[in-house]
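Data block below; observations after.
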Amino acid sequence: MISPFPGITPLKPGCVAYPFFGVVPMVVDEKGEQVPDGTMGRLVITKPWPGMMQTVYQHPERFAKTYFDEFPGCYLTGDEAYRDAQGCFWISGRNDDVLKISGHRIGTQEVESALILHPAVAEAAVVGIPDEIKGQSIYAFVTLKVGFHSSDQLKSELIEKVKDAIGHIAAPRYIQWSDDLPKTRSGKIMRRLLRKIASHDVGEMGDLSTLADPQVVEVLIRESEKISHP
């Protein structure tokens, strides 16, 4: 729906460029007002487009609530994005993967990318947990490469790495070491489970049958109990 045209559209690494024919996107704030270029916001589609779905089978109410209720008259894509001065769109990730910390919107992918910059880190997954003062705090699950070992010193190095790459506001408050992360058989990280584990809300974990290794969840829950937070 938003895509570059090789040979016609100026190509920018990481940019989805311009809308396809018949697609009219816009970036809005939480009140549905269009935001200035360069400002991150919610990506919506303001008009019907060719090939647009009309409902979800046997769930028309769910279809309307999910895509149209929040911003009446617009289709909610569920993505965070911004438009640059040339009119090109940049998508930073899903709305669910954006944390709001002290009024700042921070993408989990940004923090994860900063953590992976450290030579000891093989993989990282970041989620937000409730914080009475900031709104949310950053909780990071970090898997180390073979040959590296967890330590308080390494935690400090990772926090400094994030501060240098993004800023102090994005520094993880909690870091949990993990040998593996809960993933589907296709390799997708189940962030829903990570959010529940990080929040110590593990009473009902839901369906785990799609996980490649359900035992990973039990290990993470045990390790999370060692990390106390309000």
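Given the range 52-165, what strands (runs of 3 or more DSSP E) lie entirely inside it while holding 1 or more residues that are within 21 Å of the chain's Cα centre (by Cα) and of a type in the set (S, T, N, Q)?
Those strands (runs of 3 or more DSSP E) span 75-83, 89-94, 135-144.
Do we find that P50 is farther than 27 Å from I138 by Cβ and either surrounded by 12 or more Cβ atoms within 10 Å (Cβ to Cβ) or in contact with a Gly (Cβ under 8 Å, 6 or more places away or on another chain) (or both) in this structure?
So P50 fits the description; yes.
List every residue pair whose Cβ atoms lie under 6 Å apart, where the two residues are 6 or more positions apart in sequence or sit on different chains, the first residue falls within the range 184-206 and is within 20 Å of D131 (Cα to Cα) and in a helix (DSSP H, G or I), and the second residue, located anywhere, is modelled with pLDDT of 85 or more and polar (S, T, N, Q).
Listed by first residue and then by second, the contacts come to I197/S224.
Does A114 satisfy the condition of being at pLDDT 95 or above and over 23 Å from H229 (Cα atoms)?
No, not satisfied.
Exactly one of (1) closer than 26 Å to A170 by Cα; (2) in contact with a strand residue (DSSP E or B) (Cβ under 6 Å, 6 or more places away or on another chain); (3) at pLDDT 90 or above is unmet by P25. Its number?
For P25, the failing item is (1).
Sort through I175, I166 and tell me the only one that's closer than 19 Å to S137 by Cβ and at pLDDT 95 or above.
After ruling out the rest, the residue left standing is I175.
Name the residues in the range 1-17 that are under 20 Å from the mean Cα position of the chain (by Cα) and at negative phi, would you?
Within the range 1-17, I2, P13, C15, V16 qualify.
Does S150 satisfy being among the hydroxyl-bearing types (S, T, Y), in contact with a Leu (Cβ under 7 Å, 6 or more places away or on another chain) and modelled with pLDDT of 90 or more?
Criteria met by S150.
If you take the residues of the range 215-230 that are more than 22 Å from S137 (Cβ to Cβ) and in contact (Cβ under 8 Å) with a residue 12 or more places away in the chain, which of them is farthest from the chain's Cα centre (by Cα)?
V219
Could you grab the pairs with beta carbons closer than 6 Å, sequence gap of 6+ or different chains, first residue in the range 11-32 and under 18 Å from G78 (Cα atoms), second one among the charged types (D, E, K, R)?
From the range 11-32, the pairs are V24/K47; V27/R83; V28/R42.
Give the residues of the range 28-51 that are modelled with pLDDT of 90 or more, in a loop (DSSP other than H, G, I, E, B) and among the aliphatic types (A, V, I, L, M), sorted by residue number.
Within the range 28-51, just V35 meets the criteria.
Could you grab the pairs with beta carbons closer than 7 Å, sequence gap of 6+ or different chains, first residue in the range 79-107 and on the phi < 0 side of the Ramachandran plot, second one hydroxyl-bearing (S, T, Y)?
Pairs that qualify, where the first residue is on the phi < 0 side of the Ramachandran plot and the partner is hydroxyl-bearing (S, T, Y), are E80/S92; A81/S92; Y82/T39; C88/Y18; W90/Y82; D97/T108; L99/T108; G107/S92.
The values are calculated or read from the model by the stated rules, or taken from the named source; none is laboratory data. Computed from a predicted model, the values in this text were never measured in an experiment. Neighbour counts are summed over all protein chains in view; Cβ atoms, including those assigned to glycine, are modelled from backbone coordinates with ideal geometry.
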